[in-house]
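Quick notes on the structure that follows.
None of the figures in this text is laboratory data; all of them are computed from the coordinates on show. All values derive from a computational prediction rather than experimental measurement. A quick note on method: Cβ atoms are made from the backbone with ideal geometry, for glycine too, and the neighbour counts reach across all protein chains shown.
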Amino acid sequence: MTDAPLDPLIALRPWEAPEVTSWGRLPMNAVDRRPGALPLDGDWRFELLSAPDAPVGGPWSSAHVPGVWTMQGTDDLPQYTNVRMPFPEYPPHSPAANPTGVYEREVDVPADWAGRRIVLQVGAAESVLLVHVDGRPVGISKDSHLAAEFDLTGVTRPGSPATVRLTVVKWSDASHIEDQDQWWHGGITRSVLLYATDPLHLADVTVRARYSGDLQVDCRVRDAGGALPAGWYLTGELDGRPLAQDAEFDRANAEDERVSDFLGEARLLTTVPEVRTWNAETPELYDLTVRLHRADGTVADTSRHRIGFRDVEIVGRDLLVNGERVFIRGVNRHDFHPLTGRTVSYDDMRADLVLLKRFGFNAIRTAHYPNDPTLYDLADELGFYVVDEADIESHDHAHEIADDPRYLNAFVDRVSRMVLRDKNHPSVVIWSLGNESDYGAGHDAAAGWVRRHDPTRPLQYEGAAKLGWADPGLASDIACPMYAPLEDCVAHALSGEQTKPLIPCEYSHAMGNSSGTLADHWAAIEATPGLQGGFIWEFWDHGILQRVSDGRPVGRGGAGLYDNGVAAPGYRWAYGGDFGETIHDGAFIADGVVFPDRTPKPAMYEHREIAAPVRIECFRHEGVVLTNHQHFRGFDWLAAVWELSLADGRTLTAPAELPELCPGETAAVPLPFVLPEDGGEAWLTLRVTTATDLPWAPRGTEVCVPQVRLRGPAAVDVAAVARQVEVDGEGLLVHPLLTVAPTLSLWRAPTDNDELGGMAQRWRNWGLDALVRKVVSVRQDAGHVTVEAEYAGATGVVRHRQVLTPVEGGVRVEEEAELPEAFDDVARVGTVFETMAGLDLLDWFGQGPWESYPDRSAGAPVGHHSLPVDDLFTPYLRPQESGGRHGVRRFTLSATDATGLAVVLDEPRQVSVTRYRAEDLTAATHHDELVPRTGCVVHIDAAHRGLGTASCGPDTFPSYRVAPGLHRWSWTLRVL
């Protein structure tokens, strides 16, 4: 018995050969092949090997395609790292223990495909794909996020079954340039299909549809059997309008001797009068059909496209779409699903974009690789500007790889294939050469190829910023830094040295309770020529649904086990380290503006108001001024209602008629209400909704709620009454509805920004999480009780005074706290107390209804709001400070019988009401560890630190930090 011959694909060891990007793989193209294809998705025979050169010996199990094996019950589980590689080997090497999935199934090749060209398409595989058919080697592909196609004509027989084997090697030289901030998986992540064409076929189609209405369609034609047959020709039509053959193009090619026996080229032209142009606000599309004919007129091949007429250019330091300077309100997006990992469906992607559209986003950066092709179709349809990013990130070894000639071909290959696939999408306005890979010759080589092939779009690459924002080299037409301080951006725009648009590729890090100062950023962007927007990091919290009992991912069967961002009992959202991995980066994977189930975080409402198409300002107390803050459209798609909120509890409504305004125009409109003389503070809100059904929103969907204050608060004088306030021996208030008396609070459960930004450790060093209260004196005088106390930390003492005064129905609490100079930036200064059980409904007048904080409050309008206490808490994946409401004037906590307590504040304050103490949240790592208390934990803050984005980006501004010195506040507590 002799050993079996070594498989030539295995013998090549392509997983450790960066020079080898493919073998037997067909060139990428932009031809539509989906109609008539044979889908191969479903259950395949599967075996997970310990290494790519291990023998395939069975037994077979089953794996679903598309899907990752790390989410389908194998012992190779997901692993999360941000910068670090998950193995110690240096590029181009991979670890000896290298999980390798072998997928196999029989395919019945249709008999009527005889004489046709047969092509296998594997949508995506991580990270090296080896293809065999009936035991014969067919090809190799790398690049985990682009499709690979292989010609099977010579290895299959139509009418007979063929055994297709797809071997996927998880770790490789390519892993070192796919070191993105996401979960590591292994598998076939996009659909697999088989299709057939005539031997004479369209090899590529390139569309140039200009804002002017001029359309140029360049086609390449090949014949799989050899030389092109004589007499072939092309026709095309656009929405039924025939396209003309460009005879001048044919003549010039002949004169330049560019005519080939094996590659045909032809150009079709037309000009559309009164063209409907494409932009993110009005994404007008046309249907283009291209047909390849044989000499006898029969059709050999057809390709259909939906195209948009638009121009993208940079003029000076402005990025223009159709000649207009547009604001880029962007977000970074991964292909992600909490049950299937990297595999996403059409419905998933549409839901992503619909949600983003409803919250005012108009741009997507496909971080950090080309996304599923369907996403671009949807972006074309729904209206998004897309920065299409190549699958290149060498974060852990960026400097070494950027100039490594062994990886040069990989850089050019990945960028060029992305461009070839996506070039006909009007939504793609910028090409990106990758992410966090330093800057070297590989980038310049890729940039050179793109500039030659597609001069119609600008390029960007963040790593080129190392050369300076004014001149980031060949690789970037846009200065696109990460997390640059706002003051640096403004200074650059005002310096006179700016030469390129400044659009940060990441500027606000949405990890946990975050996205502070977003409104401040946009106020500066809109006021400063040269600043044009940016992209938030990121869309998703990448929590994977995990069973608590065995620690394994739930997988495809987990639908229905989560709701409103919360996993069902017995399950939790897993982050780095939860699958037993020793090398990981913890909860840094949970840094999106939505939870893993796509539930919006409060930061989404902040963005919605910042991006509002309708703006409102007061006008001489006689009316208000409305502004159309769009770039291309009027208000005809919007409807609105006026709402007047009065401090005395009344809310008035009136219909609103939006004026006809072109983009950028303003109009004064009279006040819709006669302002009552009584009622106190008054706020005017314009509730703007969609007027008709839109592809991304049904009629009546709220678009924005701009608001102005018409009248400030009236002074409130609460008279004392003749009775005593009861306190205990420690000078603490005794009250029938309180289970824990009001005391001073300087600590909050650290947010991710607090922890990673270093503030939380500083607070711990000061002892703010364990202050010791010492009573200095308790004095009673004419009904008043004055309590002097000291709160001692590890490095300082805070002096605190409470003055308790009986008033009608309750007690007024006047407080002051003096922080020593050492406590120069604390989390909060305020009061905390706890209530009896049963007070389960919070009503308040202030900002809401969603969570808000001092530096993230633009999206929470002032009004009368009501929510169950259990709905006030925001379930960030790692428990932390949450549930706060900014600018609260008064609130009530009541039981079902309307009994309870009411609190009136001396001025708008930060308030939170939850079931958890700060120490409960601080101690927990996941929400399944939290046990809600039966009563309410109430915080009233004289000052509360902003959130910032310091987990990966700038901290909150100094104006939102809590300074040392004297803080004063007061509030009145009454029984309902």
| request: In whole Hz, with x marking every Gly and Pro, tabulate ³J(HN,Hα) for segment 851-863 from phi via Karplus 6.51 cos²θ - 1.76 cosθ + 1.60, θ = phi - 60°. | output: 4, 8, 9, x, 9, 8, 10, 5, x, 10, x, 6, x
| field | Long-range amide H partners of residue 739 with built H, under 5 Å | value | 834, 835, 836
| request: Hey, can you grab everything whose amide H is under 5 Å from the amide H of residue 428? Only 5+ residues off in sequence or another chain; H modelled, so Pro and N-termini drop out. | output: 386
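Suppose the chain between residue 83 and residue 897 were pulled fully straight at 0.36 nm per residue; how much longer would it get relative to their current alpha carbon spacing?
Extra length available between residue 83 and residue 897 comes to 287.5 nm.
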| note | Per the Kirkwood formula over distinct C-alpha pairs, the hydrodynamic radius of segment 127-236 in angstrom is 17.6
| request: Provide the gained length on full extension for the span residue 730 to residue 487, in nm with one decimal, where the gain is 0.36 nm per separating residue minus the Cα-Cα distance. | output: 82.6 nm
| Cα-centre dipole for segment 212-307 with unit charges at Cβ (Lys and Arg positive, Asp and Glu negative), debye to 20 | 300
| note | Per DSSP, the loop-located GluC sites (Glu not before Pro) within segment 120-214 having at most 16 other beta carbons within 10 Å are none
| message | For the chain, what does the convex hull of the Cα positions come to per residue, in cubic angstrom? | response | 186
| message | Suppose only helical runs count, i.e. DSSP H with n ≥ 4. What mean residue ellipticity at 222 nm does that imply for the chain under -39500 (n - 2.57) per run, divided by all residues and rounded to the nearest 500 deg cm²/dmol? | response | -3500 deg cm²/dmol
| message | Checking the cross-link filter: which lysines have an alpha carbon closer than 29 Å to that of residue 601, excluding same-chain neighbours under 8 positions apart? | response | 357
| task | Give the residue from 100, 442, 631 lying farthest towards the positive end of the charge dipole for the chain; charges sit on Cβ (+1 for Lys and Arg, -1 for Asp and Glu) and the dipole is referred to the Cα centre. | result | 631
| note | Quick calc, residue 274 & residue 650: beta-carbon distance into FRET formula, R0 41 Å, rounding 0.05, result 0.20
| Distance between modelled label sites at residue 75 and residue 93, nm, 7 Å Cα→Cβ extension | 2.5
| request: Bin width 5 Å, alpha-carbon pairs only: give the P(r) of segment 303-363 as whole percents, running from 0 to the bin holding the largest distance. | output: 4, 13, 15, 16, 20, 15, 10, 5, 1, 0
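Give me the orientation-averaged projected area of the Cα convex hull of segment 8-197, in nm², one decimal.
Averaging across all directions leaves 10.6 nm² for the Cα convex hull.
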| Rounded to a whole number, what is D in µm²/s for segment 272-394 from Stokes-Einstein with the Kirkwood radius over alpha-carbon pairs (4 °C, 1.567 mPa s)? | 78
| said: Please compute the modelled spin-label separation between residue 765 and residue 923, points set 7 Å along Cα→Cβ, answer in nm with one decimal. | reply: 2.6
| query | Points 7 angstrom from Cα along the Cβ direction at residue 50 and residue 959: gap in nanometres? | reply | 6.3
| Phi to ³J(HN,Hα) by Karplus 6.51 cos²θ - 1.76 cosθ + 1.60 over segment 602-613, Hz, x for Gly, Pro | x, 4, 5, 5, 4, 5, 4, 6, 4, 8, 4, x
| request: Throw me the Rg/Rh for segment 927-967, computed over C-alpha atoms with Kirkwood Rh, two decimals. | output: 1.13
| What's the center-to-center distance, using Cα atoms, between segment 534-612 and segment 671-716 in Å? | 33
| Which value, in debye to the nearest 20, describes the size of the charge dipole of the chain about its Cα centre when Lys and Arg Cβ atoms bear +1, Asp and Glu Cβ atoms bear -1, and nothing else is charged? | 1020
| task | Could you point to the residue in 595, 499, 611 farthest towards the positive end of segment 479-628's charge dipole, with +1 and -1 charges on the Cβ of Lys/Arg and Asp/Glu respectively? | result | 595
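Nearest 20 debye, what's the magnitude of the dipole of segment 738-975 about its Cα centre given +1 on Lys and Arg Cβ and -1 on Asp and Glu Cβ? Display every interim value, and only then the final one.
On the way: 23 positive and 32 negative charges, 64 e Å.
The calculated dipole for segment 738-975 is roughly 300 debye.
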| task | Two decimals is fine: what is log10 I(q)/I(0) at q = 0.26, 0.27 Å⁻¹ for segment 407-468, from a Debye sum with one equal scatterer on every Cα and no solvent? | result | -1.17, -1.24
| said: Suppose R0 equals 25 Å. What FRET efficiency, 1/(1 + (r/R0)^6) with r the Cβ-Cβ distance, do residue 666 and residue 694 give to the nearest 0.05? | reply: 0.50
| note | Once amide hydrogens are built 1.01 Å from N within the peptide plane, the residues lying 5 or more places from residue 365 or on another chain with amide H under 5 Å from its amide H are 331, 332, 333, 387
| request: Bin all alpha-carbon pair distances of segment 905-944 at 5 Å intervals from 0 and give each bin's fraction as a whole percent. | output: 5, 22, 24, 19, 14, 10, 4, 1
| Which of the lysines could a cross-linker span from residue 142 if the Cα-Cα distance has to be under 20 Å and same-chain partners fewer than 8 positions apart are dropped? | 170
| field | Model label zone, residue 239; criterion: amide N under 18 Å from point 7 Å along Cα-to-beta-carbon; scope segment 301-321 | value | 304-311
| said: Could you tell me the calculated FRET efficiency between residue 818 and residue 867, based on Cβ-Cβ distance and R0 = 30 angstrom, to the nearest 0.05? | reply: 0.30
| remark: Put in order of increasing Cβ neighbours within 10 Å, starting from the fewest, 232, 573 give 232, 573
| note | Per the charge dipole of the chain (beta-carbon charges, Lys/Arg positive, Asp/Glu negative, Cα centre), the residue among 646, 140, 187 reaching farthest to the positive end is 646
| Extent along principal axes [Cα atoms of segment 335-375; Å; largest to smallest] | 27, 19, 17
| remark: Calc'd 3J(HN,Hα), segment 442-454, phi into Karplus 6.51 cos²θ - 1.76 cosθ + 1.60 (θ = phi - 60°), Hz, glycine/Pro = x, comes to x, 5, 5, 5, 5, 4, x, 5, 5, 4, 6, 7, 9
| Cβ-isolated cysteines (cut-off 4.7 Å), the chain | 219, 489, 618, 662, 704, 936, 952
| field | Whole-Å semi-axes of segment 613-705's equivalent ellipsoid (Cα gyration tensor) | value | 25, 17, 9
